Amino acid sequence: MKKILILTTGGTIASVQSPDGLVPGMSSEQLRGHLPQIGARIAIDIRELFQMDSTDMTADHWVAIVRAIRESYDDYDGFVVCHGTDTMAYTAAVLSYMIRDSDKPIVLTGAQRPIGFEITDAKSNLQDSILYAADPRSRGVQIVFAGKVIAGTRARKVRSMSFSAFASINLPEIAEINNGRIIRYLTDPAFCRGESDAKATALFSDQIDPKVFLLKLTPSMSPELLPEIFRVNDAVVIESFGAGGIPASMEGTLTEVLSGYRPEEKILAMTTQVTYEGSHLETYEVGRRLAGSFSILEARDMTLESAVAKLMWILADRSLSWEEIQRRFYEPIAKDTLIEVSPSPRTR
Ligand code: ASP
């Protein structure tokens with residue numbers, strides 16, 4: 001018999017209607033009462049970690065989720081984390097870095113409508129997640145939602161109301177679950193175990209650096225906050241326009257600010273606000289100018305959620321050199337990037 005541990009954190013799936021709107025308020029025992037029929041071959045335990053809206057998710061909660069999985073890792077065949085949808089993509093990315101090489105599946109799921117409502121996606125999402133987590137071929141961190149299985153490093157919430165809330169960015173979906181049947185599209189070893197595969201040992205990290213700031217550019221943005229943003233953060237990820245670049249009006253301030261720090265002290269990374277296909281600084285003069293003047297990391301085809309999460313994970317160790325930070329950022333993990341990048345020798 002397969003043993004699955006469900007960890008609950010709150011979110012819409014476990015919410016109830018209050019006079020002030022939906023609030024997470026369902027205990028794990030109440031949730032158990034709503035569990036769909038799974039059949040006798042899967043044993044399920046439920047443990048409540050938090051009862052919160054995922055808007056309030058912090059680095060401490062991520063560490064608590066990782067610890068809960070690590071403590072029970074040997075006792076279960078798979079894990080399902082019930083989570084609010086709003087920050088689920090960040091949590092999925094963070095878990096992909098904090099728990100690497102897991103032979104056991106760690107599935108995140110949630111719902112757009114509470115499990116106690118008459119019309120809800122919660123039951124099918126939970127049922128699919130449990131089936132997927134109990135499948136002997138599943139491994140690694142994934143989101144299971146609305147019949148899609150998405151790599152933890154590639155998910156983005158793309159709909160705020162309707163059931164198909166998540167998309168897989170710059171990587172095909174790993175699988176589809178249809179009427180309880182798993183149809184696998186990607187059999188990459190990051191997500192799918194072969195019968196003869198040797199056992200891997202999961203690598204857990206239990207530290208993370210939350211001081212990573214995501215700055216979305218808008219035309220005509222004033223650079224005056226840049227010194228403060230860099231002062232209070234260890235890394236700034238700039239969500240640029242299109243293939244990437246910095247407006248000329250910000251360059252002077254950026255040069256001034258960064259000249260006061262070593263590259264490993266304050267990390268500058270570039271991503272794009274365009275959903276698909278990633279950044280490519282080489283394409284335009286504005287991007288080349290940036291790459292030519294600063295020590296910079298480029299997220300390329302990584303999602304911005306993964307770029308932020310990866311930096312938080314890397315910078316948990318503040319003793320790393322700029323070369324080592326680059327090496328770790330560009331090293332593909334759980335299919336977070338398909339592009340090979342050689343680190344640049346430039347130092348600020
Ligand atoms: N605000 C909720 C949350 O993220 C939304 C949801 O779960 O769908 O916790």
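Values in this text are rule-based calculations from the coordinates and carry no lab data. Owing to the predicted nature of the structure, the values given are computational and were not obtained by experimental measurement. Cβ placement follows ideal geometry from the backbone for every residue including glycine, while neighbour counts extend to all protein chains displayed.
Structure above, values below:
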item	result
Under DSSP loop assignment and at most 11 Cβ neighbours within 10 Å, longest GluC sites (Glu not before Pro)-free interval of the chain	1-117
For Ser72, Ser220, order by how many other beta-carbon atoms lie within 10 Å, fewest first	Ser220, Ser72
Restricting segment 165-199 to trypsin sites (Lys or Arg not before Pro) in coil, as DSSP defines it, with at most 12 other Cβ within 10 Å	Lys199
DSSP-defined antiparallel bridges as percent of all bridges, segment 1-143, nearest 5	15
Qualifying aspartates and glutamates (Cα of each under 16 Å from Cα of Lys157; at least 8 residues distant if same chain)	Asp53, Asp86, Asp121, Glu173, Glu305
Debye, to nearest 20: dipole size of segment 51-136, +1 on Lys, Arg Cβ, -1 on Asp, Glu Cβ	80
Pairwise centroid distance, computed over Cα atoms, of segment 1-58 with segment 66-136, Å	11
Shape call, segment 257-348: gyration tensor on alpha carbons, a/c limit 1.5	oblate
Fraction of antiparallel bridges per DSSP, the chain only, in percent to nearest 5	35
Mean separation of Cα contacts under 8 Å, 6 or more apart, over the residue count of the chain: relative contact order %	15
Net charge contributed by nearby residues that have their C-beta within less than 14 Å of Val158 (K/R +1, D/E -1)	+2
Helix axis angle, 122-134 relative to the chain longest principal axis, alpha carbon, degrees	90
Most fluctuating residue given options Ser102, Ser18, Ser28, as computed from a GNM of the chain linking Cα atoms under 10 Å	Ser18
Three-way shape call for segment 69-122 based on the alpha-carbon gyration tensor, with the a/c threshold at 1.5	oblate
Taking Asp135, Asp336, Asp101 and counting other C-beta atoms within 10 Å, the order from fewest to most	Asp101, Asp135, Asp336
Net charge of Cβ neighbours under 10 Å - reference Asp135; Lys, Arg +1; Asp, Glu -1	+4
For Leu297, distant residues with modelled amide H under 5 Å away	Leu268, Ala269, Met270
Rounded to the nearest 20 debye, dipole of segment 106-153 from Cβ charges on Lys, Arg, Asp, Glu	140
Whether segment 1-80 is rounded, prolate or oblate, judged on the alpha carbon gyration tensor where a/c under 1.5 counts as rounded	oblate
Under 22 Å from Lys199, Cα to Cα: lysines that are on another chain or at least 8 residues apart	Lys2, Lys3, Lys104, Lys335
Electrostatic dipole magnitude of the chain [Cβ: Lys, Arg +1; Asp, Glu -1; Cα centre; debye, to 20]	540
Viscosity 1.002 mPa s, temperature 20 °C, Stokes-Einstein D of segment 57-165 from Kirkwood C-alpha radius, µm²/s	154
Helix 59-72 axis, angle to the chain major axis (alpha carbon atoms, nearest 10°)	40
